[in-house]
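Chemist: Structure incoming, see below.
The values are calculated or read from the model by the stated rules, or taken from the named source; none is laboratory data. Everything numeric in this text was worked out from a predicted model, so none of it was measured. Every residue, glycine as well, gets a Cβ built from its backbone with ideal geometry; the counts of neighbours run over all protein chains shown. In case anyone asks, the SASA skips ligands and DNA or RNA and just uses the protein heavy atoms, side chains included. Shrake-Rupley method; radii C 1.70, N 1.55, O 1.52, S 1.80 Å.
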Amino acid sequence: QTVFYDLHQLLLSRYAVYVLCFDMKTLLDDPPAALLYLRYWLHTIHLFAQGARICLVGTHKDVVGRRVEHERIHGLLTDLLAHHPAAESVLPHVESKLWFFPVDNRLGDRDEVVLQLRACIEEGAHASDFVKSPINTHWLLFLDRLMAHCRGEQLQRLPLSAVNEIASPLGLADQDEVVAALQTFQEFGILVLVGQTVITHLQWVLDSATAIVRDYNLHTIGIQNPLLLRQTDALLDLKEKALLHCTLLPSIWPHHTPAERSEVLQLMVAYRLLIPLETAADDEPTSYLVPALLPTDLGGSRDLTMLSDALGMQFARALTYAGPMQNLPDWSECYFYFSTKETLRLDEHRMVTVDYLERAGFLPGVFVTSLICDLVRYVQYTRGEPPRLSRSAIHLKMPVEVHLDVIAHMAAIRMRAETAHALAIVDTLFGIFNAAQEAYPGMRVHALLPFGESTLLPLSVVQAYHLDRRPLTTPAAPKLDLTTLYTAFLEHRGLQDEYGAMLSYRWGANSDFVATLAGMLGRADLPGGFFYDRSSITKGRRFDLDFSEAVARCKVAVPVMSVQALARYAGGAGGPDSQRPGAADNLLIEWMLMV
C-alpha cells in the first residue's frame, strides 16, 4: 500500500542491483498508468540508491510475444528514460537491443532471456564499485562476532559501549574506527546506527515503524490492544489528524522499553517519518506529526489507491497547469519546479513549456514529505498559526495567506500568496526548500512565473533582464513589460525620493522575521513604499552611503530587535557587533542616525 512508500528509504541501498518488473500487456493496454508506475520506482531508486544498476523486466511474454510489440514497448521506455536521471543506471537487454528483458515466467530456465537476465545481473554487480571495494578482514570478523552475539542473546540492539567491547579484542583501534565500520555495514543494509545504539535486527525497526505508519482501515493487528482502545481521542487524532501523542506509545509498542521507544522515535525523526511538535517549554516533544498519515488533500480524502507521475499517488482532485490565474487580482502566483542537476539547467532557457517540464521533472512523494517537515518547522520557529496540511496542498500564514499546491504532472508546487509583493515570501520558501534538499543532495529547485497557457518563464531570467534594464523578447511577444507583468517578484533597486517606512534589523538574528514583515508591509501599500535593504540597495554601490541616504528619506523607522538582544542591552553587554575588540555596534549606529 502507498501508505508505506515513505518507508522505502529504510530498505533501499546503492549497494545492490534492482530488478524492476512490469506486465507487458498492461503497458500496451494502458501506457500512461503503467509508465507512471515505472517512473515512480525509477524515481525512488534514484533518490535512495543513486548509481545502483537497474534491470527492467517485462513479464507475460506468453501473451505479448511478437517482436513488433516488444519494439513498441521499447519506444515507450525510450521516451520515459530520455530525461530521467536514472537512465544511466539501466542495463539494456543487449541481445535483443531492447531497454528491457521480455520473459515468460512459466518457463523458468528454459527461457533463454531469463538466463541472459541472470548473467546481466551478475555482470552489473561485478562492475559495481562496491563489489571491488576492499573491506578490512578485522571489520568482517567484528561484524560476524557482533551478529552472533545478538543472535545468541536474542537482542535487537546494543549500546555502542557494548559494541566497543566486542570490537576491542579484534584489532579495531578505537571508537572512531568502530563507528566507521558500523557506518559501512549500515550502507550495505546490515544494521542501523542510531546515536549511541546499534540496531542489528532491521525487521524490528520496520515492525516498530509500521505500528504507526499504516492504513488503519486495513491493518488492524495491534490496534485491538485494550490499552490502546481505551485512549479513544488520542487514537482518533492519529487516524484522522496524523497526530501522534506520546501517551499512545506504550500501547503501540507494549514490548519496547522506554529506551527502545526513544531510539525508534529518534530514527523515525531522522528519516522524516515523524515531525516533533514543539511544546511551550524546551521539554521533550509530547506529540509528533506523521506525514504519511496526512489526508491526500485538504478536503480530507484518503484515496491512495492509484499511482501518479511525480509522487506515486493519484490525488483525488489533481491540479494541472492552466496558465496565469485570472480571478485573483490581489494574489501573486509562482511555481517551484523540481528536477535533478543531471537533467535540467533552466537558467539557460528564456521560456519553458509544460511538456518539457513534464518530461524532465523529478518530484518523488517522499521529497514532498520532507518539504512538509521543513514547513512545519518554519511555522514553529516563527510562532505562526498552525498550517492546514495534506499530502497535496498546504495553507499557511507567512504572515499573509499562502497556498501551496502540488502540480504532480509537472513536478511542481504552485505558490499563491495574498500579496502584491511576494518576493520576500519566495525567498523564504526557497530557503525552506533548500533545507529539504540537504537531505537529498541530487535535488534542485527552480522558481517559474506563469506566462501562457502552456509556457512559463524562469524567475531568475525575468529578474536579470529587469535589473539590467534589457527588454525580454519571446516568440509570443516581441517585447514584454516585465514591471507590469511581474512587479510582485521584481527587486526595485535604486533610492527613491522618500520612503513611508524603513526596516532596520540585525542580519542573521532577525532575517527570517524581517523577510516576513517586509511581505506584510508590501501588502499594506504604504504611501511612499518602504525601504528594505535586501531589495532596495543596488548591487555594486556603497552600501553604507546609500543606507544613510535612505534613513534621511524615510518618514517612519521600524527597528527590529529580539527579546534576547534587549536583555543583553539592558545588562550593559551590547550587541554581538560590539563584542569584537575595537568594533562598534552597527545596529545602534543605524538607530542613532535615525534619531
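Chemist: State the percent of C-alpha pairs, over all pairs in the range 59-190, separated by a distance greater than 22 angstrom.
Modeler: Result: 58 percent of Cα pairs exceed 22 Å.
Chemist: On to the next question. Under 12 Å from the Cα of Lys397, which aspartates and glutamates turn up, not counting those fewer than eight places away in the same chain?
Modeler: The qualifying aspartates and glutamates are Glu385, Glu418.
Chemist: Now, a different point. Excluding Arg157 itself, what net charge comes from residues whose Cβ is under 10 Å from its Cβ, given Lys and Arg +1 and Asp and Glu -1?
Modeler: Residues near Arg157 contribute -2 overall.
Chemist: Moving on. Based on the inverse mean of 1/r over its pairs of different Cα atoms, what is the Kirkwood hydrodynamic radius of the range 42-108, in Å?
Modeler: By the Kirkwood definition, the hydrodynamic radius is 12.7 Å.
Chemist: Is the range 14-126 best put as rounded, prolate or oblate by its Cα gyration tensor, with a ≥ b ≥ c the root eigenvalues, rounded for a/c under 1.5, and otherwise prolate when a/b is larger than b/c, oblate when not?
Modeler: oblate
Chemist: What is the sum of charges, Lys and Arg at +1 and Asp and Glu at -1, for the other residues whose Cβ falls under 15 Å from the Cβ of Leu566?
Modeler: +1
Chemist: How much area per residue is accessible in the range 138-197 when the probe is 1.4 Å and only protein heavy atoms are counted (Å²)?
Modeler: 53 Å²
Chemist: For a protection proxy built on the mean count of beta-carbon atoms within 10 angstrom, sort 195-204, 544-553 highest first, please.
Modeler: Ranked from most to least packed, the peptides come out as 195-204, 544-553.
Chemist: Right, another one. Per residue of the range 185-191, what does 6.51 cos²θ - 1.76 cosθ + 1.60 with θ = phi - 60° give for ³J(HN,Hα)? Whole Hz please, x for Gly and Pro, Karplus curve as stated.
Modeler: 5, 5, 5, 7, x, 8, 8
Chemist: If you don't mind, there's one more thing I want to ask. Could I have the simple spin-label model distance between Val563 and Phe430, label points 7 Å from Cα toward Cβ, reported in nm to one decimal?
Modeler: Each label point lies 7 Å from its Cα, and together they span 3.2 nm.
Chemist: Would you mind calculating the gained length between Ala33 and Leu202 on full extension (0.36 nm times residue separation, minus the Cα-Cα distance), in nm to one decimal?
Modeler: Length gained, Ala33 through Leu202: 57.6 nm.
Chemist: Does the range 116-259 come out rounded, prolate or oblate by the C-alpha gyration tensor, with a ≥ b ≥ c the root eigenvalues, rounded set by a/c under 1.5 and, if not, prolate when a/b is larger than b/c and oblate if not?
Modeler: Oblate shape, in that a/c is at least 1.5 and b/c is the bigger or equal ratio.
Chemist: A follow-up question, please. Taking K and R as +1 and D and E as -1, what net charge do the other residues with C-beta under 13 Å from the C-beta of His70 add up to?
Modeler: Here the charged neighbours net out to +2.
Chemist: Related question: Roll a 1.4 angstrom probe over the protein heavy atoms and tell me the percent of accessible area of the range 7-138 that is carbon or sulfur.
Modeler: Summing carbon and sulfur atoms, their accessible area is 54 percent of the total for the range 7-138.
Chemist: How far is it, in nm, from the label point at Ser262 to the one at Ala420 when both lie 7 Å from their Cα along the line to the Cβ?
Modeler: Calculated label separation equals 5.5 nm.
Chemist: Let me ask something additional. Place the peptides 178-187, 364-373, 422-431 in order of packing, highest mean first, counting for every residue the other Cβ atoms within 10 Å and averaging per peptide.
Modeler: Those peptides, ordered most packed to least, come out 364-373, 422-431, 178-187.
Chemist: State whether the range 338-461 is rounded, prolate or oblate according to the following rule on the C-alpha gyration tensor (a ≥ b ≥ c being the square roots of its eigenvalues): a/c under 1.5 gives rounded; otherwise a/b larger than b/c gives prolate, and the remaining case gives oblate.
Modeler: Verdict is prolate for the range 338-461.
Chemist: May I pose another question? Where in the range 86-101 does the amide nitrogen come within less than 20 Å of the point 7 Å from the Cα of Ala119, taken along Cα to Cβ?
Modeler: 90-101
Chemist: On the principal axes of its Cα set, how long, how wide and how thick is the range 10-73? Give whole Å, largest value first.
Modeler: 37, 20, 17
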